[in-house]
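The values are calculated or read from the model by the stated rules, or taken from the named source; none is laboratory data. What you see is a predicted model, and the numbers here were worked out from it, not measured in a lab. Note that each Cβ is placed from the backbone with ideal geometry, even for glycine, and that neighbours are counted across all protein chains shown. These accessible areas exclude ligands, DNA and RNA; they are computed on the full protein's heavy atoms, side chains included. Shrake-Rupley method; radii C 1.70, N 1.55, O 1.52, S 1.80 Å.
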Amino acid sequence: MSLSHKHQCREIITKAICGKGRKFSTVTHTVTPPNNPTSILGAWIINHQYEAVAAGDGIEVIGTYDVNIWYSYDKNSQTDVAKETVSYVERVPLSYLDPKHRASTVEVSAEATQEPSCVEASVSSNGTSVILRVEREFAVELVAETKVVVKVCSHHHGDYEDKEFDYVLGDGGDDYEDLDYEGLEDEL
């Protein structure tokens, strides 16, 4: 192919973020301890583990966590801790998806932007179990190979070899000396 035209476009294959999504959810779990609870003294979620898998036009987050419930029983005369492992599958839809990505190169990832936490725990109306309300949030990304179109010029528009450039920052080049780097935060 010759570069006889004034301008020509080319496709470059590159790895890029081709899809993103985020989902906040509130779920309810029912835990039945060995003794009928009188009151709830505390509820914690620990040992959260998860992984992401591609699932159609979304990403599924598959995980587990342990629920620990400190409760009183026998008319508040004794206490115990009930422990239960909860498994879940959270489907996170993608807010955008590049339709031209190469499906055979897909890699997915998930980040818990809000770890599962118990926001409410109460004794059920029949008095035999504990009802927990748990909040969690995930951000997901789909990375794959995709095509990018670039313009190729036949003329030497980018010929800067014989040019000199003088980069000056403000009045003396020390604009960043007083910058508080600890106050800067990386964004997602």
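From the residues in the stretch 6-20 that are modelled with pLDDT under 90 and of a type outside the set (D, E, K, R), which one is least open to solvent (accessible area, probe 1.4 Å)? So the residue we want is GLN8.
Looking across the stretch 28-69 at every residue that is touching a His at 6+ places or on another chain (Cβ under 8 Å) and in contact (Cβ under 8 Å) with a residue 40 or more places away in the chain, the one that is farthest from GLU141 (Cα to Cα) is identified as VAL67.
Looking only at residues in the stretch 85-99 that are loosely packed, with under 12 Cβ neighbours inside 10 Å and at pLDDT below 95, which one is nearest to TRP44 (Cα to Cα)? Talk me through it step by step, then tell me what you get.
Step one: of the stretch 85-99, the residues loosely packed, with under 12 Cβ neighbours inside 10 Å are 85, 87, 89, 95-96, 99.
Applying the additional criterion that residues be at pLDDT below 95 yields 95-96, 99.
On the way: SER95: 32, TYR96: 35, PRO99: 41 Å.
If we take residues in the stretch 85-99 being loosely packed, with under 12 Cβ neighbours inside 10 Å and at pLDDT below 95, then SER95 is nearest to TRP44 (Cα to Cα).
Here is a yes/no grid of residues against (1) part of a strand (DSSP E or B); (2) polar (S, T, N, Q):
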{"position": "SER87", "(1), (2)": "yes, yes"}
{"position": "ARG91", "(1), (2)": "yes, no"}
{"position": "LYS100", "(1), (2)": "no, no"}
{"position": "SER109", "(1), (2)": "yes, yes"}
{"position": "GLN114", "(1), (2)": "yes, yes"}
{"position": "VAL152", "(1), (2)": "yes, no"}
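Among the residues making up the stretch 34-54, those that are surrounded by 14 or more Cβ atoms within 10 Å (Cβ to Cβ) and assigned to a loop (DSSP other than H, G, I, E, B) are ASN35, ASN36.
From the list VAL143, VAL148, VAL130, which one is hydrophobic (A, V, I, L, M, F, W, C), modelled with pLDDT under 95 and surrounded by 10 or more Cβ atoms within 10 Å (Cβ to Cβ)? I'd like the intermediate steps shown before the answer.
Values: VAL143 fails: modelled with pLDDT under 95; VAL130 fails: modelled with pLDDT under 95.
On inspection, the qualifying residue turns out to be VAL148.
Only one entry of GLU120, GLU107 meets the criterion of being free of Cβ contacts under 8 Å to residues at least 40 places away in the same chain, open to solvent by 40 Å² or more (accessible area, probe 1.4 Å) and closer than 15 Å to ILE69 by Cα, and that entry is GLU120.
When residues in the stretch 55-65 are screened for being at pLDDT 95 or above and open to solvent by 40 Å² or more (accessible area, probe 1.4 Å), 3 of them pass. Just one of the numbered conditions (1) more than 22 Å from the chain's Cα centre (by Cα); (2) touching a residue at least 40 places away in the same chain (Cβ under 8 Å) is not true of ARG133: (1).
In this structure, ALA82 qualifies as open to solvent by less than 80 Å² (accessible area, probe 1.4 Å), modelled with pLDDT of 95 or more and assigned to a strand (DSSP E or B).
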